[in-house]
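Contents: one structure, followed by commentary.
The values are calculated or read from the model by the stated rules, or taken from the named source; none is laboratory data. Note that this is a predicted model, so its numbers are computed, not measured. Only protein heavy atoms, including side chains, enter the accessible area calculation; ligands, DNA and RNA are left aside. Shrake-Rupley method; radii C 1.70, N 1.55, O 1.52, S 1.80 Å.
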Amino acid sequence: MCIRDSGTAAVQRSACFGRLEGIAEVVLPEPEVVDRIGALYVAIARSGGGGCAEEREELTRIAERLLDGGRVDGGGVDAILLAGTDLTTVFNQSTPAEFSHLDCADLHISTVLQHCQLLAEGGE
């Protein structure tokens, strides 16, 4: 599986997703795309949630372009990794992402809830 990271510019540039090595190939967008996604992400965060329709549309266009051959080698990717918690205010159940993606915030919350349930049942 090949996925693209989409979150803050600092997270995108870090080796944060190196733990996926051997599971999925994480491909970073080109530097100018990283900067643009980062700027959109900050604007969404500063807006207090949800951003505006223009930001959502631009992120969707970027995702679609990356999925359809936006790699340096001309190939596409299998999914976009939504790796910023503020992105859940843009792409959620009422306004779902209309592109192939993995929502890290959703996965994180699900894991935390599963752990809480285990603790409530007397597990560790």
Quick one: order 108, 101 from most to least accessible surface, probe 1.4 Å. 108, 101
Kindly sort 26, 112, 77 by accessible area of their heavy atoms, largest first, with the probe set to 1.4 Å. 112, 26, 77
Sorted by accessible area (1.4 Å probe), largest first, how do 60, 95, 85 line up? 85, 95, 60
With DNA, RNA and ligands ignored, accessible area of residue 78 (1.4 Å probe; Å², nearest 10): 90 Å²
